[in-house]
Amino acid sequence: MIQLKDKVFIVTGGVASIGFEIAKKMVDLGAKVVIADIADDLGKKAQDSLGENSLFVHTDITKDEDCENLIKITIDKFGKLDVLVNNAASYGDEGAKTSRETWLHTLNVNAVAAAILGEMARPYLKASKGCIVNTGSISGVFPHIERWAYPVSKATLLHLNKTQAVEYAPDGIRVNMVRLGHVWSAPFEGLTQNDRAHADKVTEGYNLLGRVANGEEVANAVAFVASDDASYMTGSEIVVDGGYSAMGPEQHYPLMSKLMKNQ
C-alpha cells in the first residue's frame with residue numbers, strides 16, 4: 001500500500017472536484033495537506049471535512065504575494081514541504097475568438113503560476129527531497145474543436161513539466177505529470193446539469209472504458225507518483241484517460257471491416 005504518512009502537501013485548486021479528491025486521498029494515506037484556493041466558503045468546508053491534518057489558505061496563485069504567503073504558512077504550520085500538486089486550472093476559452101485578456105488569464109493560472117509556485121517551493125522541496133505533481137490534460141496533446149486557450153495552456157504545462165524535471169534534478173526533486181482525460185468534475189457537472197449518465201454516454205466513443213473517470217481515480221495516480229514507490233520517475237506522465245490517447249482517430253470503429261461489402 002502507498003505510504004504518505006507525515007508527508008506535507010500543497011494542493012492548489014483543492015477545495016472541490018478533482019482537487020478535493022486529491023486532498024482527501026492524501027489525508028487518508030496519512031499526509032498533511034494545505035489546500036490553496038480562492039473560494040473561501042468551499043475552503044472552510046474542505047478543511048472541516050478533512051480534519052486536523054488539513055489547512056485551507058486563501059490563495060490567488062496569479063499573485064506572487066499570495067504564493068509566498070502560502071509557502072510561509074505551510075512551513076510555519078507543518079515545518080516542511082514534501083509535495084506540491086499544481087492542480088488549479090482556468091477553463092477560460094472561447095476558441096478562435098478568445099480575447100487577449102482570457103488568453104493571458106488562462107495561461108497565467110494553468111502554466112505560469114505552476115512555474116512561479118514551483119520555484120518558490122524549490123528550496124523546501126530540495127530540503128525534503130520532495131516532488132512536484134502537475135495536473136495535465138489530453139487537451140495539451142491533442143487539439144480540440146472550438147477550444148484554443150485551454151489546450152495551449154496545458155501544452156505549455158506539459159513542456160514545463162519536463163523543464164522543471166531537468167532543472168530540479170540536481171536538487172533531488174522529482175517532477176511528474178498526471179495527464180487526465182474526461183473526469184466527472186465541476187465543468188462536467190455544469191455542462192450536463194449534473195447528469196453523470198449523460199456524461200458517460202456522450203464520452204463513450206472517446207475512450208475505451210465507456211465512461212468518464214471518478215475523481216478518486218485521479219487521486220490514486222497522484223498518490224503513486226508523489227510516493228517513494230515512484231522514486232525513479234521524473235519528467236514522466238501518468239496517463240489517466242481511459243484509453244483516449246491509445247485509440248487514435250479510428251476510435252472504436254474498424255475501417256477495414258466497414259469497407260468490405262456484403263458483410
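A few notes on this one:
- Choice from VAL34, VAL57, VAL202 showing the highest fluctuation, given a GNM over the chain with Cα pairs closer than 10 Å: VAL202
- GNM top mover of ILE138, ILE75, ILE116 - the chain, alpha-carbon springs below 10 Å: ILE75
- Of the GluC sites (Glu not before Pro) in segment 1-83, those whose Cβ has at most 15 other Cβ within 10 Å and which sit in DSSP loop: none
- Of the trypsin sites (Lys or Arg not before Pro) in segment 177-263, the ones in a loop by DSSP (not H, G, I, E or B) with at most 14 other beta carbons within 10 Å are LYS261.
- For segment 1-127, the equivalent ellipsoid built from the Cα gyration tensor has semi-axes of 26, 16, 13 Å, listed from largest to smallest.
- Efficiency of FRET from Cβ geometry, LYS258 and ASP60, R₀ 41 Å, rounded to 0.05: 0.20
- Only helices enter the 222 nm calculation for the chain: every DSSP H run of n ≥ 4 contributes -39,500 (n - 2.57), and dividing by all residues gives -13500 deg cm²/dmol, rounded to 500.
- Choice from GLY43, GLY51, GLY235 with maximal GNM fluctuation in the chain (Cα, 10 Å cutoff): GLY51
- Over the chain, Cα pairs under 8 Å with separation of 6+ residues give a relative contact order of 18 percent.
- Segment 34-86: C-alpha gyration tensor shape, a/c 1.5 cut-off, then a/b vs b/c: oblate
- Among beta bridges that DSSP assigns inside the chain, antiparallel share in %, nearest 5: 5
- Averaging the Cα positions of each part gives two centres, and for segment 136-168 and segment 9-56 these lie 25 Å apart.
Values in this text are rule-based calculations from the coordinates and carry no lab data. From a predicted model like this one, the values you see are computed outputs, not experimental measurements. Backbone-built Cβ (ideal geometry, glycine too); neighbour counts: all protein chains shown.
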